[in-house]
1. Strictly over 32 Å apart at the Cα level, which of Lys43/Lys155; Lys155/Lys237; Lys155/Lys219; Lys165/Lys219; Lys155/Lys272 would you flag in this model?
2. In what order, largest first, do Leu13, Leu196, Leu232 sit by accessible area if the probe radius is 1.4 Å?
3. Filter the DSSP H helices in the chain by two things, a Kyte-Doolittle mean of at least 1.0 and an axial alpha-carbon span of 24 angstrom or more, and list the hits by number.
4. Simple spin-label model, 7 Å along Cα-to-Cβ: Leu178 to Glu54 in nm?
5. Nearest 0.05, what FRET efficiency do Arg259 and Arg146 give at R0 = 41 Å with Cβ-Cβ as r?
6. Over the C-alpha atoms of segment 137-243, what are the Rg and the largest Cα-to-Cα span, Dmax, in Å?
7. Modelled label-to-label distance, Met234 and Arg280, 7 Å Cα→beta-carbon offset: nm?
8. Set the Förster radius R0 to 22 Å, insert the Cβ-Cβ distance between Glu266 and Asp225 as r into 1/(1 + (r/R0)^6), and round the FRET efficiency to 0.05.
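The values are calculated or read from the model by the stated rules, or taken from the named source; none is laboratory data. Keep in mind the model is a prediction, meaning the values are calculated, not measured. Note that we place each Cβ from the backbone using ideal geometry, even for glycine, and neighbour counts take in every protein chain shown. All accessible areas refer to the heavy atoms of the entire protein, side chains included, with ligands and DNA or RNA removed. Shrake-Rupley method; radii C 1.70, N 1.55, O 1.52, S 1.80 Å.
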Amino acid sequence: MPETLAFYGAGMLGSGFVQALCARGVTVRVWNRTFEKARALEKYGAIAVRDAAEAAPGTSRVHLCLRSDDAVDETLRAALAGIAPDTPVIDHTTVLPTGIAQRVESLREHGIPFIHAPVFMGPPNAAQATGLMLVSGDRALFERVRPALEPMTGKVWYLGDRIDKAAIFKLMGNAMILSIVGGMADMFAIASANGLSRTEAYTLFENYDPSAQIGGRGKRMAQSDYDPTWTLEMAHKDANLMLASASELPLPVISAVERALLDAMERGFGNKDLAAVAER
């Protein structure tokens, strides 16, 4: 007998999940604040529902993939009347870690299990069941929903029973994405200010692999090992060279790092390795 589930959220990521679920023969009732977005998924076999409380009755589980903490809480309040006791609620939304415990406890009062499962997946990943899904919370609940989660992604990574750990790891990962993209934008600005095209600037990575910093200096930062190979003071000098070389073009990431390096120098870390910028 085909499985039926409720899916709340028809944004780009949620739509990818719904498409993939329908392709696997799952009956999906989908709700979205903007009904037209839910209705657009009917061409894949989904059932668009206008009332949040009408999506969940009779389903084996409930999935959320929404925009924010407020949207999650608002949607859960609206859907609660339709969620039967013991129906797992799985939230894929990127949220603050501090809100997870409240949702677990609030739903537990109604006999409804809740687990957080954010993802490192874009819409194509969701549609193709590739990428990484993080999960943390009650181990028994995880094992119960694991067979349903694994077909949704390339890898499911269970982080343990601390209920907010997946939310923390998700924000850490997104911080890396923002830092890398911001750093790339600063790099291209330096190139532009000095007469290089972005295409030419990108050839830097044909011979230089900055990801080695994660396995090298990043690991040393995790261990608070600041034996210098590139002193913080010299890194600060180079940061100022970067700012000067960009002329009038702003370098938001480098500017922020320069201030952090200066602060670390004022706290006595100038002769330590650049990694000491992690000391706050």
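1. Checking Cα-Cα distances, Lys155/Lys237; Lys155/Lys272 exceed 32 Å.
2. Most to least solvent-accessible, the answer reads Leu196, Leu13, Leu232.
3. Helix filter hits for the chain: 165-193.
4. With each label placed 7 Å out from Cα toward Cβ, I get 3.9 nm.
5. Once the sixth-power term is evaluated, E becomes 0.40.
6. Values for segment 137-243 (Cα only, Rg and Dmax): 19.8, 59 Å.
7. 2.8 nm
8. After rounding, the FRET efficiency stands at 0.50.
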